[in-house]
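Participant: Have a look at the structure that comes next, please.
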Amino acid sequence: MATTVLLILDLAGTFAFAVNGALTAVRATRLDIVGVVTLGMITALGGGTIRDLFLDSLPPATFLDWRYLAVAAVGGLVAFFGARHLERINGTINVLDAAGLSLFAITGALKAVALGFGPAQAVIVGTITGVGGGTLRDVLVRQVPSVLTGGLYAIPALIGATAVVVAGLLDASGPVTAVGAAVLCFVIRMLGVHFDVNAPFPPGSAEPRPPDD
Amino acid sequence: MATTVLLILDLAGTFAFAVNGALTAVRATRLDIVGVVTLGMITALGGGTIRDLFLDSLPPATFLDWRYLAVAAVGGLVAFFGARHLERINGTINVLDAAGLSLFAITGALKAVALGFGPAQAVIVGTITGVGGGTLRDVLVRQVPSVLTGGLYAIPALIGATAVVVAGLLDASGPVTAVGAAVLCFVIRMLGVHFDVNAPFPPGSAEPRPPDD
Amino acid sequence: MATTVLLILDLAGTFAFAVNGALTAVRATRLDIVGVVTLGMITALGGGTIRDLFLDSLPPATFLDWRYLAVAAVGGLVAFFGARHLERINGTINVLDAAGLSLFAITGALKAVALGFGPAQAVIVGTITGVGGGTLRDVLVRQVPSVLTGGLYAIPALIGATAVVVAGLLDASGPVTAVGAAVLCFVIRMLGVHFDVNAPFPPGSAEPRPPDD
């Protein structure tokens, strides 16, 4: 039961990230169909691959299980053929991205706990699972990863992963807690987008400006 | 016998990629001897390292076996000292690159099959082995990986890896099949270069133009 | 005893690299607190993570041991809050960087030897441990890794790692040798900085100029 919920959440996050990653990549640089689908798949599967590297759980689960590969590839193809329409739906990218971030942060942290890692490691791995795929994508399309430059992105993932890990320490883990922690992360992320909240910049640095190009 | 053929193909691909990777790197940015040789070695050994990460076959074979390290280092040094002459030989880079791509796609897929992975995983790993080293190189010299932006590059590798995997499913594997699949990949790649074939771009996007700088 | 010395050297290198990596990142692009601390931690822990990947020693030691995580995070925070003051101390970045490079090259090579790898592999892994974290940082802030473009950076690490590996082959390993090899690497690196020594550029290439922007 709990496993099925985790799997469904994880596949939903995979699809959301594949569509979102492919759309972001299309906007950043000129890509052909191979590039769009590949970047969708890397965004969707990259976080889980880094997670399994850190947890010594190779080969990566997302690579062994055809469902992840298929869902990620379909997401990339949807973005390729529907890019013009999807971009018009205002906020689509942000919502899909927040969904993927939330789901991966929670499932990543839960996998670390299930494998016996400590709480600090579980929180770190959850956060990396959430932000890792998008970071790989940004590096490949030659952008400074957005997670490093502003906005609330890693912090909601950190809070969601912490919530689910603390719940586990308090013997309150289960599907409800997992979904609750994902919703918490999602809401904080979307509030951050809506109100344009930033994490603090170094003391004495200039006012926020657009990232360097 | 089959093992010896595989090893020779793999070392030939390693040398081709090391020379090619170092030459490409020299053209992209200013590098010293450490940079040229390192990028030649990363181009030559990076695909196999990613392959062994996905196949849970660490430490990477290319790192444990001094022959790969030596062949890759020699290839990088050849490119360093001969860059001026090699660049004049028109098409050298493309031919070496197609050779490395073909050989790695086939040997990568065969390694996955030999370790008991499924056909889909073997095809994916073969393709990653072929394109992985050049992708790492492009990221390090700050270019959008050429595999993502146009030309037929991943697709020949995908076809070659599929051919050798399907042959294995039909009990027709062996040195002849392996070499045949590599030649298939090589020919498709070179036809793509010669006739300037591109994979499809997103519907509605502008006509092909040079990659962004 | 030897283990304690190794641990202390390793933690000192981690702190030096975290402060240095975060300061370098702040100068290269605009980052928020998440970005500064993350890049400090990646600079500090990235080399050891790549080392443990190559040595098949996953999960990475730097990830399992809270002391590395804590020291790296504190180093990143020190850089975040003290960036203005630290940058004024002329040469701070270079000295910290040389310290981290030297300590990691030696401890990386010693770990490979302790796990039974050959001398060539130990030297390569030591060098990668020294230069890996800074390379990851440079890629993330969208710079060509400085190790590839000039200055003496990989070469002192290579010499230090070779010294400690050769000492081991001559049955002369121990804390004194380890510290001696680290000092050797540090001195060569600082002499290279002071006298602006470069590794050779490709024959026929133009005179040194600043890296491309």
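Participant: Out of the residues in region A:113-141 that are assigned to a loop (DSSP other than H, G, I, E, B) and either closer than 19 Å to residue A:37 by Cα or within 9 Å of chain C (Cβ to nearest Cβ) (or both), state the one that is modelled with the lowest pLDDT.
Facilitator: It comes out as A:141.
Participant: With the requirement that a residue be of a type in the set (A, V, I, L, M, F, W, C) and under 23 Å from residue C:67 (Cα atoms), what does region A:115-134 give you?
Facilitator: A:115, A:117, A:120, A:122, A:123, A:124, A:125, A:128
Participant: Select, from C:51, C:27, the only residue that is more than 20 Å from residue C:142 (Cα to Cα) and touching a residue at least 60 places away in the same chain (Cβ under 8 Å).
Facilitator: On the way: C:27 fails: more than 20 Å from residue C:142 (Cα to Cα).
Answer to the check: C:51.
Participant: Out of (1) within 12 Å of chain A (Cβ to nearest Cβ); (2) assigned to a helix (DSSP H, G or I); (3) buried (at least 24 other Cβ atoms within 10 Å of the Cβ); (4) of a type in the set (A, V, I, L, M), the odd one out for residue C:31 is which?
Facilitator: Only one criterion is unmet by residue C:31, namely (2).
Participant: Any chance you could count how many residues in region A:127-167 are farther than 25 Å from residue C:30 by Cα and touching a Leu at 6+ places or on another chain (Cβ under 8 Å)? Give the steps one after another, and end with the answer.
Facilitator: As a first pass, look at region A:127-167 and keep what is farther than 25 Å from residue C:30 by Cα: A:160-167.
From what's left, touching a Leu at 6+ places or on another chain (Cβ under 8 Å): A:160, A:163-164.
Result for region A:127-167: 3.
One line per residue, one yes/no per condition, for (1) crowded, with 24+ Cβ neighbours inside 10 Å; (2) aromatic (Phe, Trp, Tyr); (3) out of contact with any helix residue (DSSP H, G or I) (no Cβ under 8 Å at 6 or more places or on another chain); (4) farther than 28 Å from residue A:113 by Cβ:
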site: C:4; (1), (2), (3), (4): no, no, yes, yes
site: C:25; (1), (2), (3), (4): yes, no, no, yes
site: C:45; (1), (2), (3), (4): yes, no, no, no
site: C:61; (1), (2), (3), (4): no, no, no, no
site: C:74; (1), (2), (3), (4): no, no, no, no
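For every residue, the table says whether it meets (1) away from every other protein chain (no Cβ under 11 Å); (2) free of Cβ contacts under 8 Å to residues at least 24 places away in the same chain.
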site	(1), (2)
A:55	no, no
A:60	no, yes
A:100	yes, no
A:107	yes, no
A:111	yes, no
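Participant: Take the residues in region C:79-98 that are within 12 Å of chain A (Cβ to nearest Cβ) and among the aliphatic types (A, V, I, L, M), then tell me which one is farthest from residue C:3 (Cα to Cα). Before you say what the answer is, go through the steps one by one.
Facilitator: We begin by selecting, within region C:79-98, every residue within 12 Å of chain A (Cβ to nearest Cβ); these are C:79-88.
Now restrict to residues that are among the aliphatic types (A, V, I, L, M): C:79, C:83, C:86.
Details: C:79: 29, C:83: 33, C:86: 32 Å.
Out of the qualifying residues, it is C:83.
Participant: Can I ask one more? Tell me the residue from C:71, C:26, C:36 that is away from chain A (no Cβ under 11 Å) and aliphatic (A, V, I, L, M), please. Walk me through how you get there before you give the answer.
Facilitator: Details: C:26 fails: away from chain A (no Cβ under 11 Å); C:36 fails: away from chain A (no Cβ under 11 Å).
It is C:71.
The values are calculated or read from the model by the stated rules, or taken from the named source; none is laboratory data. Bear in mind the structure is a predicted one, so any value in this text is a computation, not a measurement. Positions of Cβ are backbone-derived with ideal geometry, glycine not excepted, and every protein chain shown enters the neighbour counts.
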